[in-house]
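Asker: The structure's right below; bear with me while I get my questions together.
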Amino acid sequence: MKPAIALTVFASLWFSACQTTQPRTSNRFEKADADHNKLLSRQEVGSYVASNLFEALDKNDDSKISSAEWNAGGNDMTVQSFRKADVNHDRVITENELTAAAIHSRRMDQFMTGSDTNRDGSISKPEALVYYARREGPVN
């Protein structure tokens, strides 16, 4: 199992939602665009994905994800991926640690490389939409 599988799953779901025109998901790109420059940096995407994932996993709202929370519900996240995200080895994952894991994940590398067609280091909404249309086909 690859490290940070939860980030992969969440990022896949979020990025693929960028291609839809449903009101519920149409503003995800804009929400991730923290500096409102109509471009997403690796940091912005990682922060957005990690923030949403952290909120979903921190069931007791103590601002930490325990191993039990990480692996709750019988999902496919592994002890190894938890340990890798827990950079300071204190047996909990903070939002900063999760953000760092998201920013440095293989899925982030794939998204940034695959969608940044003009190679400027940022992703525009049209680039993100084209990337997912290529990967998953157009949405009707």
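Asker: Please list, ordered by first then second residue, the pairs with beta carbon atoms under 7 Å, 6 or more apart or interchain, first in the range 25-46 and closer than 16 Å to ALA102 by Cβ, second of a type in the set (Asp, Glu) and part of a loop (DSSP other than H, G, I, E, B).
Answerer: Final answer for the pair search is LEU40/ASP33; GLU44/ASP33.
Asker: Can you name the residue in the range 31-65 that is outside any helix (DSSP H, G or I) and of a type in the set (A, V, I, L, M) and, of all such residues, is nearest to THR113 (Cα to Cα)?
Answerer: LEU40
Asker: If a residue has to be buried (at least 16 other Cβ atoms within 10 Å of the Cβ) and part of a helix (DSSP H, G or I) to count, how many in the range 90-99 make the cut? I'd like the intermediate steps shown before the answer.
Answerer: Step one: of the range 90-99, the residues buried (at least 16 other Cβ atoms within 10 Å of the Cβ) are 92-95, 97-99.
Within this subset, residues satisfying the condition of being part of a helix (DSSP H, G or I) are 95, 97-99.
The number of residues fulfilling the criteria is 4.
Asker: While we're on this one: Filter the range 32-71 for residues that are exposed (fewer than 12 other Cβ atoms within 10 Å of the Cβ) and within 30 Å of PRO126 (Cβ to Cβ) and give the result.
Answerer: ASP35, HIS36, ASN37, GLU55
Asker: Among the residues of the range 66-87, is any modelled with pLDDT of 95 or more and outside any loop (DSSP other than H, G, I, E, B)?
Answerer: no
Asker: Now for a separate question. What number of residues within the range 100-140 satisfy the criterion of being of a type outside the set (A, V, I, L, M, F, W, C) and part of a loop (DSSP other than H, G, I, E, B)? Break it down stepwise before answering.
Answerer: Taking the range 100-140 and keeping what is of a type outside the set (A, V, I, L, M, F, W, C), we get 104-107, 109-110, 113-122, 124-127, 131-132, 134-138, 140.
After this cut, where a residue has to be part of a loop (DSSP other than H, G, I, E, B) as well, the list is 104-105, 116-122, 137-138, 140.
Residues in the range 100-140 being of a type outside the set (A, V, I, L, M, F, W, C) and part of a loop (DSSP other than H, G, I, E, B): 12 in total.
The values are calculated or read from the model by the stated rules, or taken from the named source; none is laboratory data. Fair warning: this is a prediction, and the values are worked out from it, not measured in the lab. Every residue, glycine as well, gets a Cβ built from its backbone with ideal geometry; the counts of neighbours run over all protein chains shown.
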